[in-house]
Amino acid sequence: MKLWNAATGNELMTLKGHLNQILSVAFSPDGRRLATGSAGRDGVMLFDVATQQEVAAFFVNGTVYNGLQFSPDGNTLL
């Protein structure tokens, strides 16, 4: 998955991890974490934006993650 600067169009980073199509994304309220959701065994991956590293992964068999949202305090992901 690639992230771009919306104002300049410059690529900021490439995050790796999902093998299947990414169906949803959500930034934490402070912008430090990015959650991405997919189908199949990819599940949900949580990335640290500054380091571009995966910090957590979640998977429930048979679930398609087509919508993600952080709580206002950023501590809970729905």
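Less than 5 angstrom separates the built amide H of residue 13 from those of 3, all sequence-distant by 5 or more or on a different chain. The phi-based Karplus calculation (6.51 cos²θ - 1.76 cosθ + 1.60; θ = phi - 60°) puts the 3J(HN,Hα) values of the stretch 44-49 at 10, 10, 10, 10, 8, 5 Hz, whole numbers, x for Gly and Pro. The figure for residue 14 is an accessible area of roughly 50 square angstrom, using a 1.4 Å probe on the protein chains alone. For residue 33, the residues whose amide H sits under 5 Å from its own are 28, 49, ignoring neighbours fewer than 5 places away on the same chain, with H placed 1.01 Å from N. The calculated FRET efficiency for residue 71 paired with residue 10, based on their beta-carbon distance and R0 = 35 Å, is about 0.70. Amide H contacts of residue 68: 25, each under 5 Å away and 5 or more positions distant or on a separate chain (H built 1.01 Å from N in the peptide plane; Pro and chain starts excluded).
Residue 27 sits with roughly 110 Å² accessible to a 1.4 Å probe, with DNA, RNA and ligands left out of the calculation. Rounded to the nearest whole Hz, the Karplus-based 3J(HN,Hα) values (6.51 cos²θ - 1.76 cosθ + 1.60, θ = phi - 60°) of the stretch 13-23 follow the sequence 6, 10, 9, 10, x, 6, 9, 9, 4, 7, 9, with x at glycine and proline. Each pair of Cα atoms in the chain enters the Kirkwood radius, and Stokes-Einstein at 20 °C and 1.002 mPa s then converts it into a translational diffusion coefficient of 167 µm²/s.
The values are calculated or read from the model by the stated rules, or taken from the named source; none is laboratory data. Bear in mind the structure is a predicted one, so any value in this text is a computation, not a measurement. All Cβ positions, even for glycine, are placed from backbone atoms using ideal geometry, and neighbour counts span all protein chains on display. Heads up: the accessible areas ignore ligands, DNA and RNA and are worked out on the full protein's heavy atoms, side chains in. Shrake-Rupley method; radii C 1.70, N 1.55, O 1.52, S 1.80 Å.
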